[in-house]
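Q: Below are the structure tokens for one structure; questions will follow.
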Amino acid sequence: MKNILAIAGSNSSTSINQKLVEYVAKEIVDHKIKVLKLANYSMPIYSEDEEKENGFPGMTLGLKQEISEADALIVSVNEHNGSWSAFFKNIIDWLSRLDRNFLEGKKILLMSTSPGQRGGLSSLEFAKNVLPRFGGEIIESFSFPSFHANFSIENNEVTDETLLLGLKEVLSTFAHQIK
């Protein structure tokens, strides 16, 4: 049994990426999964001056510890103007300053969703290129398009059969790869 940390790169109180992470966390069996809400990790905007004057925010240290205790990660990135959100970038900036290889040895299931038909695909592709720079290994990825049309928040279920089958296949591969 592996320890998996699940996070969404959004600080929205109604984050659909958080809902996707929570759904996926319940679908993976035979592993211990901890779901964090990054919106609870408040950090000032990164700058060298801020780091010199005040050091690392306690939340950065806490999040780094959570990551280091995990064997694998589930990360769902939201999309703002074709990239991940400034909120998530800020968290990555702080973590990478604390430890350049803060994802060393972590296997990652990378996901994205959005209300649109591309499902946050630009953000997903951006994250695929950036996260390995910090030592992480992307072993599976999944873009979930048109979230509101394909997911029932009330019932907490994927409503599109084809998407559900694709997601189950990705989750099965991910679970197998981290054993």
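Q: Identify which of Lys106, Lys32, Lys128 has the largest mean-square fluctuation in a Gaussian network model of the chain, with springs joining Cα atoms closer than 10 Å.
A: Among Lys106, Lys32, Lys128, the largest mean-square fluctuation in the Gaussian network model of the chain belongs to Lys32.
Q: Right, here's the next one. What are the lysines whose alpha-carbon lies under 26 Å from the alpha-carbon of Lys179, with same-chain residues fewer than 8 places away excluded?
A: In chain and number order, the partners are Lys2, Lys19, Lys26, Lys32, Lys34, Lys37, Lys64, Lys106, Lys107, Lys128, Lys168.
Q: Considering only Ser85, Ser152, Ser12, give the residue with the highest GNM mean-square fluctuation for the chain, with springs between Cα atoms whenever their separation is below 10 Å.
A: In the Gaussian network model the winner is Ser152.
Q: For the chain, just the Cα atoms, rotate onto the principal axes and tell me the three extents in Å, largest first.
A: Result for the chain: principal-axis Cα extents of 52, 35, 27 Å.
Q: If each DSSP helix of 4+ residues adds -39,500 (n - 2.57) and the sum is divided by the residues in the chain, what number results at 222 nm, nearest 500 deg cm²/dmol? Let's see the in-between values first.
A: Numbers: 7 runs with 75 residues, N = 179.
Only helices count here, giving -12500 deg cm²/dmol.
Q: Can you tell me the 0 to 90 degree angle between the C-alpha axis of helix 161-177 and the longest principal axis of the chain, rounded to 10?
A: 50 degrees
Q: Mind checking the angle between helix 58-69 and the chain's longest principal axis? C-alpha axes, 0 to 90 degrees, to the nearest 10.
A: It works out to around 50 degrees.
Q: Under a Cβ-Cβ cut-off of 14 Å, what is the net charge of the residues other than Ile178 that fall near it, where Lys and Arg count +1 and Asp and Glu count -1?
A: On the way: positive: Lys2, Lys32, Lys106, Lys107, Lys179; negative: Asp30, Asp71, Glu137, Glu140.
Neighbour charge sum, excluding Ile178 itself: +1.
Q: Continuing with this model, one more query. Over the chain, with a Gaussian network built from C-alpha contacts below 10 Å, which listed residue (Ser68, Ser123, Ser114) shows the highest mean-square fluctuation?
A: Its mean-square fluctuation being the largest, the pick is Ser68.
Q: Between beta-carbons, use under 9 Å as the cut-off and find the net charge around Asn156, counting Lys and Arg +1, Asp and Glu -1. Display every interim value, and only then the final one.
A: Details: positive: Lys19, Lys26; negative: Glu22, Glu154, Glu157.
For residues surrounding Asn156, the net value is -1.
Q: I'd like the carbon and sulfur percentage of the solvent accessible area for segment 1-64, probe radius 1.4 Å, heavy atoms only, ligands and nucleic acids excluded.
A: Values: 1600 of 3440 Å².
Its accessible area is 46 percent carbon and sulfur atoms.
Q: Any idea what angle helix 86-98 forms with the longest principal axis of the chain, computed on alpha-carbon atoms, 0 to 90 degrees, nearest 10?
A: The two axes meet at around 50 degrees.
Q: Which order, highest average first, do 54-62, 71-79, 2-10 follow once you tally other Cβ atoms within 10 Å for each residue and take the mean per peptide? Can you show the working numbers first?
A: Working: 54-62: 14.3, 71-79: 24.4, 2-10: 22.8.
Ranking the peptides 54-62, 71-79, 2-10 by packing returns 71-79, 2-10, 54-62.
Q: Considering only protein heavy atoms and a probe of 1.4 Å, how much of the accessible area of segment 65-172 is carbon and sulfur, as a whole percent? The partial results should precede the final answer.
A: On the way: 2200 of 4960 Å².
So the carbon and sulfur contribution to the accessible surface is 44 percent.
Q: How much area per residue is accessible in segment 35-141 when the probe is 1.4 Å and only protein heavy atoms are counted (Å²)?
A: Working: 5070 Å² over 107 residues.
Counting only protein heavy atoms, the per-residue value for segment 35-141 is 47 Å².
The values are calculated or read from the model by the stated rules, or taken from the named source; none is laboratory data. In this text, all values refer to a predicted model and were calculated from it rather than measured experimentally. Don't worry about glycine lacking a Cβ; one is built from the backbone with ideal geometry, like all the others, and counts go over all protein chains shown. Just the protein is used for accessible areas: all its heavy atoms, side chains included, with ligands, DNA and RNA removed. Shrake-Rupley method; radii C 1.70, N 1.55, O 1.52, S 1.80 Å.
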